[in-house]
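Inspection log for the structure reproduced underneath, given as structure tokens.
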Amino acid sequence: MKKMLSFVLTLSLFLSLSITTALASSISQERTVPNTKVGFDKVKDQLKSLHKLGYLDKDYSYDTFSDYKPKYFEKYNGNLDIYNESTQIIALDTTTKKQINDIQKIIDAADTNSLVTPQKSSLAFFEVKFFFGVGNADTTDAEIINTGTVLRCWGIGCPKEYEIKLRTLVSTNQYGSYGIYASISEDARVLEDVIDTEKIYNTHFWKYDNIIYAEKDPSWPAGAQNGTIPLLLNKKGLAYPLNYSDPQSGIPLYVPPTNLPVNQVTRSNDYRSKFISYYEGNWGTPTKFTWGQVEVHHMKPLKYGGSNDFYNLIPLMNYFSSSNTILKHSQLTRWWDSY
């Protein structure tokens, strides 16, 4: 009897651990964060070249902060989704106060008419870094994070202080006009982070528009970063997968506005079978999945007036299946739960 009880307890513990592991794996697959890390390798190459050309007194490519993150990020205990991390170098002629955005023009000695005869003795080079993301994602405490930092300054006439302006923008439509949701401006020295956090209350498209001024002079920008690719975040800060399409058929995933009214539509009984016939009639037997592996997903939910017709449907992996190229159905339904 004791042996049987021990066996049952061991089996129960094994099943419990297996289910927990599977659930954790499923959740991690549902929350993919495509961190766009821009510019760091390019910055290292440019610093090497500037040293070889004599603009810098030594090779500073090994003196950069490849893994730099504001200390403030530690407050999220790992629950931090960074969607954009960008690093760039800006050159300033400290004599004429002219900005040179494209460092490569100096390196390549091309298009010199756009440069105001930059002298090696008067150039300063700034490395700036911006982060844009979500802290406490998938919770009711989710918040937008927008940061700017001057990491280093090399060369002649480096300013002692900078003005960092951060603007967070929102819209109800991906390609609509974006209004200012928050704007801050603070003075900072090298390696002093300026951070703006804003509580997420509603589903929005989000962008940022940031700039750093040397010596707090608006005519002397040390670096700028514009968020050209928007984020669509629900009320809990989860990102909607923009620009996704079915890999075989090319069916694009519907991108909703953020203000759909509730308008319940009844689910038809034959929408799945009709879609399968439509899909195979146009693109043949699926090669990326089997029909047993997928849910046929209503891209615009029936709750918000979506249709049962084929143009509102797309195949997504079901709970028990996964793919490197096809989204999971649960990722989308989870996003819509907090629309």
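The values are calculated or read from the model by the stated rules, or taken from the named source; none is laboratory data. Just so it is clear, the model here is predicted, and its values are computed rather than measured. Virtual Cβ from ideal backbone geometry, glycine too; neighbours counted across all protein chains shown. These area figures cover heavy atoms from the full protein model, side chains too; ligands, DNA and RNA do not enter into them. Shrake-Rupley method; radii C 1.70, N 1.55, O 1.52, S 1.80 Å.
In segment 226-284, of all residues being open to solvent by 70 Å² or more (accessible area, probe 1.4 Å) and among the hydrophobic types (A, V, I, L, M, F, W, C), the one that is farthest from Asp141 (Cα to Cα) corresponds to Trp283. You will find that of Lys37, Lys69, the residue that is open to solvent by 40 Å² or more (accessible area, probe 1.4 Å) and modelled with pLDDT of 85 or more is Lys69 and no other.
Scan segment 205-214 and tell me whether some residue there is assigned to a loop (DSSP other than H, G, I, E, B) and open to solvent by less than 20 Å² (accessible area, probe 1.4 Å). Checked against the condition, which is being assigned to a loop (DSSP other than H, G, I, E, B) and open to solvent by less than 20 Å² (accessible area, probe 1.4 Å), segment 205-214 yields no hits at all.
The numbered conditions (1) more than 20 Å from Pro241 (Cα to Cα); (2) of a type outside the set (D, E, K, R); (3) not in a loop (DSSP other than H, G, I, E, B) are all true for Val170 except (1).
Within segment 256-278, residues that are within 18 Å of Trp335 (Cβ to Cβ) sit with their Cβ atoms under 9 Å from residues that are aliphatic (A, V, I, L, M) and in a loop (DSSP other than H, G, I, E, B), at 6+ positions apart or across chains, in these pairs: Pro256/Met299. Scanning segment 147-177 for residues that are in contact with a Leu (Cβ under 8 Å, 6 or more places away or on another chain) and among the hydroxyl-bearing types (Ser, Thr, Tyr) gives Thr147, Thr149. Filtered by the rule that a residue be assigned to a loop (DSSP other than H, G, I, E, B) and buried (at least 16 other Cβ atoms within 10 Å of the Cβ), segment 290-313 gives Met299, Lys300, Pro301, Leu302, Gly306, Asn308.
Of all the listed residues (Val190, Val128), the sole one being closer than 22 Å to Lys69 by Cβ, of a type in the set (A, V, I, L, M, F, W, C) and open to solvent by less than 10 Å² (accessible area, probe 1.4 Å) is Val128. All conditions in (1) surrounded by 14 or more Cβ atoms within 10 Å (Cβ to Cβ); (2) under 26 Å from the mean Cα position of the chain (by Cα); (3) modelled with pLDDT of 85 or more hold for Glu74, with the sole exception of (1). In the set (1) at pLDDT 95 or above; (2) surrounded by fewer than 14 Cβ atoms within 10 Å (Cβ to Cβ); (3) among the acidic types (Asp, Glu), the condition left unmet by Asp108 is number (1).
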